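Beneath this line is the structure, given in structure tokens, with notes to follow.
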Amino acid sequence: MAAGGDLPPWLRPPARRRLRVYAFDPRASVTLETAITNDAVIDLPWETPWEDALGPGPCNDYLEVIDYDPACGLFYAPVDLNHPNLLAQDGLPQAEGRPQFHQQMVFAVAMKTIRAFERALGRAVLWARPGKPGVGSGYVKRLRIYPHALREANAYYSPDKTALLFGYFKSDEVAGRDSEWVFTCLSHDIVAHETAHAILHGLQSRTIDASNPDMLAFHEGFADIVALFQHFTMTEVVEQEIAASAGSLRTSGLLTGIAAQFGHATGRSGALRYALQLIAEEATGGSVHKLEDVSEPHARGQFLVAAIFDAFVTIYERRTADLLRLAGYRPGSGTPLPIELTRRLAREAAKTADQMLRMCVRGLDYMPPVDNSFGEYLRAIITADADLVPDDPLGYRVAFADAFRKRGIPVPGCISYAPASLMWDEPDLTGHKHLATENRVNGLMQGALAGLQFGITFDGNDHYGSSLSRNVERRNLREKAIDIINHNQKWLWQWLNQSSADPETGVVPTGVNPIDKEWEDLLGIRMVTDDYATIALHDGSSDPGDAKKSKKSRKPDFAVNTARIARRQGPDGQELHQLIFHVTQRRRAFYDAKQQQQADTDFDARALKDSSEKRDFWFRGGATVIVDLRDGRVRRIIRKRIDDSVRLEQQRAFHTGSPLGMAFARRGHDVTEPFALVHRDDGAHNG
């Protein structure tokens, strides 16, 4: 049914697939005010001929739902969303007690979240390969989803399995009678939240590292923001809440809360988290925690949520002020909103939420590849938006900057919160004569661009279609996209390694090459051997993921972690095509500063043998490089230097003095399940 290419027009598949879900969670269906709008429908694009057909599970090009319940030892029969009876009624009706509806719910919400990211990113979403962080490179095709993986009040993304694991449990809410079962897979917010974790990890593999207090907090806060903005895609829900709040988005309610059923079931008086909770405390002058006093990732992430949601509400109020004046409506007067005004306000809220979410998602590409902070994310949002949309008449960027300033979120390296000051600088090539000559790299990357693949080429050898077919030679578009990314990563790694060769003769000069030294300055990594023996050495292997270590070679190792082509479109039709790649390097680090100094300078061959295993933690550096493909010019180089002694000391202090840092340190060098660990250690079990 998915292909449809050889069928007559009246038998070809429809353009959209509609699936019923809970707009919030089952709790909202037992309250009269919200029961009608809680029965929602998600509208997804029908599968195209160049991607896998939808099969039972559901299983498609992106997701594979596997419904095994280990607590019961049961596999639940998979739902077939292509069954004629389900196609005729927008899928299964909402039902808490039917595992097949649970499968439909997680699939629909996850796919809706994926499509939102793809619109903003300008490319397909891919999933990070499972395994130890920093080992190997590449992607896997499908994210697995287990709707009934745990019998406990928990749900989390597992990097080690490339999977979403949802739990179910008995509610603590009702006393004196048998408690109700709560299924986290039936919470729209929790499913969107966990899907955002997986997408973010696929975009930036090092975001799961706990190298500073903001790292995992950023993951949690960003995932909450995605879930909150998904609320505003449901028209009827937004209209109802706008009418109930007289047009205000600064009151607590369904639109501003996360996981209401989960919150009530675990003993809270309301939702698990509220976007406005911190803002309300600030407004009343109550007891407000400072960012530096909060370390638990969920609580710290709420500072990020408050800042972004505050910016969103500010822009919404600015966009709707004229509508309220034209209608002669005074907020707070007690007069009900006219239905026409309610609908217009709801449309403006939905449009603003969509634009703000796109800004947040596009900013991910402008972050350093390692050791990120909230302030750097603000810089990333501002710069990414300015590159795509030069004009900002409604002050979106000012609203973001002001909201971060109000929360006291620091932005190191900036003299003010003015958007112009927050933007990442363009690379300064002053003094880099070997990399900035007119014939070699007036865009810095001219030589590299010649060997990259920018899209699908048809040479008669590739066959496209569903890989679920029996013809194993047929590959689909996303599989080909993975091949292209892997090719570009390897090519860029080789090109950077060979940059020391003379461009005319190919001869590598002896001694310290000035080209390598210039790359070191721009990328923040080490490309020549000096006094940092703690940086891994390699033998010149062309494989960035499996470079062999050799004590004979004195060339430092580094990796190209991703190399993606983004094709973005702005709200007014602006187009921006970019190459985005990450260059990273790791260095053995020790809690003791004297031991660090000794290890950095010890080039004894015996000490180098198996030296990669002798460390207390990994210290990482590198750069995000953004190339404008309209002229081949390097637009941004956003780096974290591998030789930054101040940052190394900060990371050492975090691992030895922070409860979160020490929790990760106790469990070894590479924590492969950071989200499970965070939930277990803080006792919150809150996704």
Plugging the Cβ-Cβ distance of K351 and T601 into 1/(1 + (r/R0)^6) at R0 = 60 Å yields, to the nearest 0.05, a FRET efficiency of 0.55
Simple SL model, points at 7 angstrom along Cα→Cβ for D90 and R319; separation in nm is 2.4
On each of the three principal axes the extent of the alpha-carbon atoms of region 365-425, given in whole Å and largest first, is 32, 25, 16
So the pair-distance distribution of region 67-159, from every Cα-Cα distance in 5 Å bins, comes to percents of 2, 10, 15, 20, 19, 17, 11, 4, 2, 0
From the cross-link list K480/K640; K555/K594; K141/K555; K517/K555; K290/K406; K141/K351, the entries with a Cα-Cα span beyond 23 Å are K480/K640; K555/K594; K141/K555; K141/K351
Full extension between E118 and S421 adds, at 0.36 nm per residue less the Cα distance, a length in nm of 106.2 nm
Taking 624-636, 313-325 and ranking on average Cβ neighbours within 10 Å, highest first, one gets 624-636, 313-325
For G247, the net charge from surrounding residues (Cβ-Cβ under 14 Å; K, R +1; D, E -1) works out to +2
PRE zone check, label point 7 Å out along Cα-to-Cβ of I339, amide N under 18 Å, scope region 24-38, hits 36-37
Here the gain from full extension of V646 to D39, 0.36 nm per residue of separation minus their alpha-carbon distance, amounts to 213.2 nm
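Just so you know, all these numbers are worked out from the coordinates, no wet-lab data involved. Everything numeric here is computed off the predicted structure, so don't read it as measured data. Virtual Cβ from ideal backbone geometry, glycine too; neighbours counted across all protein chains shown.
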